[in-house]
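Everything below concerns the one structure shown next.
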Amino acid sequence: MFECRLPKAEVLKKTMDALKDLIKEAVWDVSAQGLSLQSMDSSHVSLVQVTLRTEGFDTFRCDKNIALGVNMDTMQKLMKCASNDDNITLKSEDNGDLLSLIFESPNGEKTSEYEMKLMDLDIEQLGIPDQEYSCTIKMPSGEFQRICRDLSNIGESVNITVVKGGVDFSAKGDIGNAKIHVTESSNVDNEKDAVTVEVNEPVNLTFALRYLNFFTKATPLSGQVSLSISPDVPLVVAYEIEDLGHVKYFLAPKIENEDDE
Amino acid sequence: MFECRLPKAEVLKKTMDALKDLIKEAVWDVSAQGLSLQSMDSSHVSLVQVTLRTEGFDTFRCDKNIALGVNMDTMQKLMKCASNDDNITLKSEDNGDLLSLIFESPNGEKTSEYEMKLMDLDIEQLGIPDQEYSCTIKMPSGEFQRICRDLSNIGESVNITVVKGGVDFSAKGDIGNAKIHVTESSNVDNEKDAVTVEVNEPVNLTFALRYLNFFTKATPLSGQVSLSISPDVPLVVAYEIEDLGHVKYFLAPKIENEDDE
Amino acid sequence: MFECRLPKAEVLKKTMDALKDLIKEAVWDVSAQGLSLQSMDSSHVSLVQVTLRTEGFDTFRCDKNIALGVNMDTMQKLMKCASNDDNITLKSEDNGDLLSLIFESPNGEKTSEYEMKLMDLDIEQLGIPDQEYSCTIKMPSGEFQRICRDLSNIGESVNITVVKGGVDFSAKGDIGNAKIHVTESSNVDNEKDAVTVEVNEPVNLTFALRYLNFFTKATPLSGQVSLSISPDVPLVVAYEIEDLGHVKYFLAPKIENEDDE
């Protein structure tokens, strides 16, 4: 049997919002370590990986590793039936074909139990190798979302150039071109607003804005986003979920001659 | 001649919002007792009944009973031209074919007079018998709206089961099933937030969510909604309009074998 | 070379919002006096004229008069990439085919440079003669916007009747008719909320609401709007942009027999 409980449904609602436009079906892997999910997006271009660690839950019981195949749209729809302040319990029998989602209002007067049918999904997990990156940028997640959205007005790709002290995001298109320069914060009073740029080796790589715009649906999960970049390996766009885990997105760079639309 | 005046247009705007999705045309009956309206919805499944009592108006004059046939969409559109704080006067000649709606801004600098063409409608009024009910539930109107909306994600019908101390709202569908339990409030500091459950006889009945979702358009009118339920007679969903009257909706239960879509 | 700088992008964003639904392409004329733009709307019924004076800018340099042909939609899209608080610099070479828009965030950590392709537009400027008007009305811009929107529920035209002390806006249509009377303010504590009515000669003229509704897109630019009206000449609907200039719209009255749809 699997059963876990979180004090606020909000965090799981936001996690589902961060995934549902990108993936249609996925498997939640449940183990003593917690919940995790890994999936290619439906067009098989990018990869998303979610970890929710046991320690972050109020209670967590997992008698046996299980795989919960879910329709993401359905699960997000049901999660929206929870109020942000409700506490939430997820529950499933070891060989069951149902996942129970139980929401309790803070005053205890309302309890909602949703039973969602599970799916038999056969999804192969890829190993994601640990990796050193040439550059790591941390910046306000809302700022990154804004940059991706603004540059989408100009073109389909963003070129990211990282040098010591700052990052350039640039795009070209029929109506003109754009370059947005973000400077590393000199002194950081508020960690959430800070921009930090770690550079082992400068990089200059190009990515499809379409996918970055999907990734930034995770913005409500965290005040900061981190971008880990190296040539020839996928970019990692990571959002930490406080005390609980993270949502990470992986996207390979465009190769040069794809670059110029 | 008929003429009445309310200090705030808001209440009449909200009343029109509560009706216009359900009924296309209706007759306002004007008498010394006030304004009232009764109409089947356009698909002839549910019934709505509105009473606005003379005592709730600033001034009310009705020389002779009249029937004002209106297109609800038009009247709602014109009511939206009033600001919430405007005072409002309704006026009609005894044999006229116009209803005047006059809105005055609080500072007196703006007066708007709309003349709406009346319609010749031949609508038979049904008597609604007074009735004892097996169960009466009072609960926050926003909570009831939320429950109806959330369960619409699951299925087309809600089963309402009332027992001493609480109510279960449940639904089934292709993606799974749901049961929302609402417990009677133990101590009630704030009357608007209270849940009270009066049970003469437990009930277990099923209703079409499509219509309940129409009824909850009246939510802004009142902090509380009351549900009066008995087997074999229509459910009554009632919203009190403070000091002025009420909007009541009637909907027959589904019979058993309609239940399982 | 042309280069100018404003402390807040907001004012230019709102100016573009006020224009983009009415005109598709236009020429910004740059001279030592500032920026100006004049254009018929795309259906050649109304005229819009914008002036942004040199004195209102932080810095303004114009070595030689130039004409910047722009696609309004593109320019508005790029302006939306600025935050309201960003300072903004516009820049263009004398014989260039690009306009640079540079936005700097208040904390200096983000600089965005957009280069927009210019267009070769051949637009003849009409002289707008200075003119005495029979009546001039000043009123809260939000109130005027509301009146135009509300009367659009009734008909396609508004009749404006100005007499000493007040204005009537009226409309007729299939569903009925409407008359909104606005009274001159007696004492004016807050200039923005005041209604003033100057009458040399009473007027009674009719205008197409479709265009007035386009004009009121400028409402966010200014708390007050002024309407200058005379028989046989276009109505002027003017919004002052504080310290910087104005947006003015011109619309000819309808002649009598067009009046009755």
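The values are calculated or read from the model by the stated rules, or taken from the named source; none is laboratory data. What you see is a predicted model, and the numbers here were worked out from it, not measured in a lab. Note that we place each Cβ from the backbone using ideal geometry, even for glycine, and neighbour counts take in every protein chain shown. Surface areas here come from the heavy atoms of the whole protein model, side chains and all, with no ligands, DNA or RNA. Shrake-Rupley method; radii C 1.70, N 1.55, O 1.52, S 1.80 Å.
Points to keep in mind about this one:
- Residue within the range A:178-197 that is buried (at least 17 other Cβ atoms within 10 Å of the Cβ) and among the basic types (Lys, Arg) present: yes
- Pick from the range B:163-177, criterion open to solvent by less than 10 Å² (accessible area, probe 1.4 Å) and closer than 13 Å to B:Thr206 by Cβ, ranking: farthest from the chain's Cα centre (by Cα): B:Ala171
- Matching option when the condition is open to solvent by 30 Å² or more (accessible area, probe 1.4 Å), modelled with pLDDT under 95 and in contact with a helix residue (DSSP H, G or I) (Cβ under 7 Å, 6 or more places away or on another chain), among B:Asp21, B:Asp17: B:Asp21
- Test: B:Ala26 is outside any strand (DSSP E or B) and hydrophobic (A, V, I, L, M, F, W, C): no
- Within the range A:56-85, the set of residues being basic (Lys, Arg) and within 10 Å of another protein chain (Cβ to nearest Cβ) comprises A:Lys77, A:Lys80.
- Per the listing A:Val203, A:Val199, A:Val237, the residue uniquely touching a helix residue (DSSP H, G or I) at 6+ places or on another chain (Cβ under 8 Å) and aliphatic (A, V, I, L, M) is A:Val237.
- Only one of the listed residues (A:Gly165, A:Gly245, A:Gly155, A:Gly173) is small (Gly, Ala, Ser) and more than 27 Å from A:Asp41 (Cβ to Cβ). That residue is A:Gly165.
- Qualifying residue in the range B:109-116 (condition: surrounded by fewer than 17 Cβ atoms within 10 Å (Cβ to Cβ) and more than 18 Å from B:Leu221 (Cα to Cα)): no
- Enumeration of residues in the range C:86-107 that are at the interface with chain A (Cβ under 9 Å from one of its Cβ atoms) and open to solvent by 50 Å² or more (accessible area, probe 1.4 Å): C:Leu98, C:Asn107
- Test result for C:Pro140, modelled with pLDDT under 95 and of a type outside the set (Ser, Thr, Tyr): no
- Matching residues in the range B:36-54 - criterion: being touching a residue at least 60 places away in the same chain (Cβ under 8 Å) and either of a type outside the set (S, T, N, Q) or in a loop (DSSP other than H, G, I, E, B) (or both): B:Asp41, B:Val45, B:Leu47, B:Val48, B:Val50, B:Leu52, B:Arg53
- Within the range B:34-55, if we keep just the residues that are more than 20 Å from B:Asp21 (Cα to Cα) and open to solvent by 20 Å² or more (accessible area, probe 1.4 Å), the residue that is farthest from the other protein chains (Cβ to nearest Cβ) turns out to be B:Glu55.
- Matching residues in the range B:171-193 - criterion: being more than 7 Å from every other protein chain (Cβ to nearest Cβ) and in contact with a Leu (Cβ under 8 Å, 6 or more places away or on another chain): B:Ala171
- Some residue of the range B:150-158 being more than 14 Å from every other protein chain (Cβ to nearest Cβ) and touching a Pro at 6+ places or on another chain (Cβ under 8 Å): no
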